[in-house]
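Colleague: Can you read through this structure? Questions will come right after.
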Amino acid sequence: MQLKPLTKEYFLWFTLLSIGVYGFFISIDLFTMFMFYEVALIPMYLLIGVWGSGKKEYSAMKLTLMLMGGSALLIIGIIGIYFFSGGTTMNILELQALHNIPESVQKVLFPFVFIGFGVLGALFPFHTWSPDGHASAPTAVSMLHAGVLMKLGGYGCFRIAIVLLPEAAHQLSWIFIILTTISVVYGAFSACVQTDLKYINAYSSVSHCGLVLFALLMMTQTSCTGAVLQMLSHGLMTALFFALIGMIYGRTHTRDIRQLGGLMKIMPFLSVGYVIAGLANLGLPGFSGFVAEMTIFVGSFQNNDVFHRSATIIACTAIVITAVYILRVVGKILYGKVADPHFEELTDATWDERFAVGCLIFCVAGLGIAPLWASNIISDTLGPIIEHINNVTAIASL
Amino acid sequence: MNLDYSQFFHMMPEVTLMALLVIVFIVDFVTAHKAPIVLTDEKTGPSPRPWFNPLVCIFMLAHILVNICPTESASVFGEMYVTSPMIGVVKTILAFGTLIVFIQARTWLSRPDSTFKEGEFYMLIISTLLGMNMMVSANHFLLFFLGLEMASVPMACLVAFDKYRHNSAEAGAKFILTATFSSGVMLYGLTFIYADAGSLYFNEVAKNLSATPMTLMGMVFFFSGLGFKISLVPFHFWTADTYQGAPTTITGYLSVVSKGAAAFTLCTILMHVFGALMQQWQYLLGIVIVLSITIANLFAIRQTELKRFMAFSSISQAGYIMLAVMGNSGMGVTALTYYILVYVVANMSVFTIISAIEERNNGVTDMDAYNGLYSTNPKLAFLMTLALFSLGGIPPFAGMFSKFFVFMAALEQGSAWAYLIVFIALINTVISLYYYLLIVKAMYINKSENPLPAFKSDCNTRLALAICTLGVALFGVCSYVYDWIFAAL
């Protein structure tokens, strides 16, 4: 990895970013959760702005401001939940048990919270930071950001928006199901026309993270299990993708697929890794992507009304489009003639790169071959929560 | 009414400040430089009285320590002057801000063209602080007005302190003109209120005030008078020029201590005295807050001179401070006081760094000087980043907590109007983050042909920065600070 002289600072900000991410997932308090959300947000500016590539200053500013805008919506939602729940607590579990926010208020707060987190989860009209940000960020930051940070959005949407405001979630979900369906399909289509490897992967992330939100909004136990599996699976394979892109870029100094070709002959290890990542991404059975997407679509189809089912069918088409852009890239950059004679002298992965790629491939394949242990854990934890969401609505509709 | 000397015991902060003023006066008088003043081009030189600044700082610290224990509520001098634990806390915060100003002023004061005025500087600052203390403690509009004037007039001298610099004199003139104008407007408003309520005592006005067009007008005039002090839009026109022209240390003082005192006073007067007009002032305040935050943010983006930039930033911060008043609750007072405390450390940190850089950059405070600062002065750039993050409301720094409490306080009532105002304010945090990040970008990312060479700051700058940075880092995560303020309520 090529870091400019300021190595120490790079790791300082990177660690702060990790602190934010960890803190977010372990907090069960609205305020702490929000605080860590913002802690995770600000190091990104410097990480992309100082160590990034391309139009890094523009991307860094865009990313920071859009996510900050999301957090501004979030504050309104959080304070609203606090005051209208009538309690004196911000503890999510207690708020969930209290459950006495009037329905009319829920309907106002739900969009704030959902969009606030949705910005981070690359919800359709608010996803534009993601391609620029990912493309400009240094490799490790792209990996962490697409792999983990974008899941903050999905987790927050579920944990706060859907669980704490369940009535509104049921009534307003149709708007967001439409938006997430657009995310899924539009992200995949956009990836088809990109020429920069990182942009392709970033749009693919928009599509896959859209699928996470889509599944959460379906609110059946199976689809939510699928959503969590998708978070896990996308986190792993996108990290693998960005790592490989970083390694290829470090050698060829270009990410433009028009200038790449025949890499399979020159760096077989990295190329095979890239193929595996691609196949996992397009949902080939045996890799984690298949398990997650299968669960999501089966779960979504359990809602037996026309709207949910047609949305599911439209979202399913993304699988085909994903295959198009993945196979196009694989064919273009890995096979065929070596595009540039200088590439002949390049070396394959070093032992540490092999180790990193190997670990990720192991996880992706492991989750794909033996998914039950993970999905059981997820499903068991989700059970009571899903029951709570649906019970509450059943009572309300009586 | 029984008047005896024991009443002075309830006025400890004022008494100790007065003693401090007398001590500084005598010390300055006795040790003043006898030789004729010769102005040279030399920027630095040994100060003839190197012990003066530490002495005053120690006395100031003693003043804070004597008064740090919350006083019990009391009213003295025919109820003209009141004190309560909350007022005690506010006075402590103001004194704390002043202490930081004193500590960081040393470098600037040891310059040959200002070193012979060192005593005057301390005396003027202490008298403005005394005026602010009176203003905060007032329970009568006349005493309040006296305090306000006492805080304004010496301030004008301070703004024009670098009288050999054209800017500074101009800024002083602008300041005194607007200050007197706003005082006039305010007095005019007070006459209306007197006409309706028949008294100038706060509690009697509160009891007798009725919502007639006349009192409404009086309230608006009064509000605009204090609005000038806090520099809320549309009363902010003096701010940018004055902040730019005044010596950097004074700008810092003006932006935190002076603003903080006025904001707290406006808060208590609106809540307690104009309680009957709450419906009306909530709309007025809401509009003024939205204008302050939005307009100042938009102007700040275009600034390239850092002190002007900070002026607009401070206008928008004033909007956030006043947001706490929207809720009209005790929580609002706490949130406002806490915001002021956090704002004191964050803003003083920025101004200390501006001052340090200005010294090395021939008195120029353009943003260009900060290009590539991180490569030459990493520590200074890092501290600046922390302070700016705090101002922008980025956790885990204190600014985020203070903003959060302010929003909480504003939404406590839960009216749709309050939600709208808070929403606009929140959108504005994004804009403000943008321009704070511009400085961060200049320091870390921008390349410079000839960046400012590396330098070592003197121990006073370091001490001031250490205090401020500790505050920025800890006031948020240590809940004791908020509890301390909350307990005083």
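Colleague: In which sequence would A:13, B:108 go, from the one with the fewest C-beta neighbours within 10 Å to the one with the most?
Modeller: Starting with the residue having the fewest Cβ neighbours, the order is A:13, B:108.
Colleague: Add -39500 (n - 2.57) for each DSSP H run of 4 or more in chain A, then divide by its residues: what number comes out at 222 nm, to the nearest 500 deg cm²/dmol?
Modeller: For chain A, the value works out to -26000 deg cm²/dmol.
Colleague: How well do other chains shield peptide B:408-419, expressed as the mean number of their Cβ atoms within 10 Å of each residue Cβ?
Modeller: 2
Colleague: Right, next: Which of the listed residues, A:241, A:228, A:325, is farthest toward the dipole's positive end in the range A:7-397, when Lys, Arg count +1 and Asp, Glu count -1 at the beta-carbon?
Modeller: So the residue furthest toward the plus end is A:325.
Colleague: To continue, here is another question. Only helical DSSP H runs with n ≥ 4 go in: add -39500 (n - 2.57) per run for chain B, normalise by residue count and round the 222 nm mean residue ellipticity to 500 deg cm²/dmol.
Modeller: After summing the helix terms and dividing by residue count, I get -24000 deg cm²/dmol.
Colleague: Based on the mean of other Cβ atoms within 10 Å per residue, sort peptides B:261-268, A:31-38 so the most packed one is first.
Modeller: Packing order, densest peptide first, comes out as B:261-268, A:31-38.
Colleague: Can you give the convex hull volume per residue for the Cα atoms of the range A:319-398, as a whole number of Å³?
Modeller: Details: hull volume 14.6 nm³, N = 80.
It comes to 183 Å³ per residue, whole-number rounded.
Colleague: Given a Förster distance of 60 angstrom, what is the FRET efficiency for residue B:360 paired with residue A:189, based on the Cβ-Cβ distance and rounded to 0.05?
Modeller: Numbers: r = 55 Å, r/R0 = 0.92.
Step by step, r from the Cβ atoms, then E = 0.65.
Colleague: Okay, moving on. Might you report the magnitude of the Cβ-based charge dipole of chain B about its Cα centre, with Lys and Arg at +1 and Asp and Glu at -1, to the nearest 20 debye? Working shown, then result.
Modeller: Details: 23 positive and 25 negative charges, 170 e Å.
Here the size comes out at about 820 debye.
Colleague: Answer with one residue from B:374, B:19, B:73: the one whose Cα lies farthest towards the positive end of the charge dipole of chain B, charges on Cβ with Lys, Arg +1 and Asp, Glu -1.
Modeller: B:374
Colleague: Loop-only check: which trypsin sites (Lys or Arg not before Pro) in the range B:397-489 are DSSP coil with at most 16 other Cβ within 10 angstrom?
Modeller: B:447, B:456
Colleague: Regarding the range A:7-397, what are the three Cα extents along the principal axes, ordered largest first, in Å?
Modeller: Cα extents, longest axis first: 69, 45, 34 Å.
Colleague: Which percent of Cα-Cα pairs in chain B sits in each 20 Å bin, short to long?
Modeller: Histogramming chain B at 20 Å steps yields 25, 59, 16, 0 percent.
Colleague: Follow-up. How would A:199, B:338 line up from fewest to most surrounding beta-carbon atoms within 10 angstrom?
Modeller: Taking fewest neighbouring Cβ atoms as first place, the list is A:199, B:338.
Colleague: Kirkwood hydrodynamic radius, the range B:348-413, all distinct C-alpha pairs: what's the number in Å?
Modeller: Taking every pair of different Cα atoms in the range B:348-413, averaging 1/r and inverting gives 13.4 Å.
Colleague: Here's another thing I want to ask about it. Using the Cα centre as the reference, give the magnitude of the dipole from point charges on the C-beta atoms of the protein assembly as shown (Lys, Arg: +1; Asp, Glu: -1; all else neutral), rounded to the nearest 20 debye.
Modeller: 1460
Colleague: Peptides A:52-59, B:468-475: what's the order by average Cβ count within 10 Å, highest mean first? All intermediate terms of the calculation are to be shown ahead of the outcome.
Modeller: Values: A:52-59: 17.8, B:468-475: 20.1.
My ranking of the peptides, most packed first, is B:468-475, A:52-59.
Colleague: Follow-up. Given N residues in the range A:189-266, what is Rg(Cα) / (2.2 N^0.38 Å)?
Modeller: 1.34
Colleague: What distance in nm separates the two pseudo spin-label positions at residue A:12 and residue A:381, each 7 Å out from Cα along the beta-carbon direction?
Modeller: Result: 3.4 nm between the two label points.
Colleague: Further question on the same structure: Say R0 is 60 Å: what FRET efficiency, to the nearest 0.05, do residue A:269 and residue B:163 get from their beta-carbon distance?
Modeller: After rounding to 0.05, the efficiency reads 0.25.
Colleague: Continuing with this model, one more query. Roughly what would the spin-label model give for residue A:314 and residue B:65, points 7 Å off Cα along C-beta, in nm?
Modeller: 7.1
Colleague: Please list, by residue number, every one of the trypsin sites (Lys or Arg not before Pro) in the range B:119-202 that is coil in DSSP and has at most 16 other beta-carbon atoms within 10 Å.
Modeller: B:163, B:165
Colleague: Oh, and also: What is the distance in Å between the Cα centres of the range B:391-438 and the range A:174-226?
Modeller: What the calculation gives is 31 Å, centre to centre.
Colleague: Work out which helices of chain A, taken as complete DSSP H runs, extend at least 18 Å along their axis over the Cα atoms and score a mean Kyte-Doolittle of -1.0 or more, then list them.
Modeller: Numbers: long enough: A:7-26 (28 Å, 1.09); A:30-51 (32 Å, 1.76); A:56-84 (42 Å, 1.33); A:103-120 (26 Å, 1.44); A:166-193 (40 Å, 1.26); A:197-218 (32 Å, 1.21); A:221-252 (45 Å, 0.92); A:268-281 (19 Å, 1.35); A:288-301 (20 Å, 1.31); A:306-334 (42 Å, 1.63); A:351-369 (26 Å, 1.35); A:372-397 (36 Å, 0.65).
Passing helices, by number: A:7-26, A:30-51, A:56-84, A:103-120, A:166-193, A:197-218, A:221-252, A:268-281, A:288-301, A:306-334, A:351-369, A:372-397.
Colleague: Alpha carbons only, please: Rg and Dmax for the range B:280-419, in angstrom.
Modeller: In Å, with Rg to one decimal and Dmax whole: 16.6, 53.
Colleague: How far, in nm, would the chain grow between residue B:173 and residue B:447 when pulled straight, counting 0.36 nm per residue and subtracting the alpha carbon separation? Provide the component values of the computation, followed by the final result.
Modeller: Working: separation 274, 0.36 × 274 = 98.64 nm, distance 3.86 nm.
The span from residue B:173 to residue B:447 would gain 94.8 nm if fully extended.
Colleague: Further question: So if R0 is 30 Å, what FRET efficiency would residue A:362 and residue A:128 give, r being the distance between their Cβ atoms, rounded to the nearest 0.05?
Modeller: Values: r = 34 Å, r/R0 = 1.14.
With R0 = 30 Å, the Cβ-Cβ based efficiency is 0.30.
Colleague: What average count of beta carbons from other chains do you get within 10 Å of the Cβ of residues in B:393-401?
Modeller: 5
Colleague: Follow-up. Compute the distance from the alpha-carbon center of the range B:154-170 to that of the range B:245-287, in whole Å.
Modeller: If we compute the Cα centre of each part, the gap is 24 Å.
Colleague: Please list, short to long, the whole-number percent of alpha-carbon pairs of the protein assembly as shown in consecutive 10 angstrom bins beginning at zero.
Modeller: Whole-percent P(r) values from 0 Å outward: 2, 12, 20, 21, 17, 13, 9, 5, 1, 0, 0.
Colleague: Within the range B:97-129, what residues put their amide N at less than 17 Å from the label point 7 Å along the Cα-to-Cβ vector of residue B:489?
Modeller: From the range B:97-129, the list is empty.
Colleague: Which value, in debye to the nearest 20, describes the size of the charge dipole of the range A:7-397 about its Cα centre when Lys and Arg Cβ atoms bear +1, Asp and Glu Cβ atoms bear -1, and nothing else is charged?
Modeller: For this selection, approximately 700 debye.
Bear in mind these aren't lab numbers, they're just calculated from the coordinates by the rules spelled out. On a predicted model such as this, the values are computed, not experimentally measured, just so you know. Using ideal geometry, Cβ is built from the backbone for each residue, glycine included, and neighbour counts are taken over all protein chains shown.
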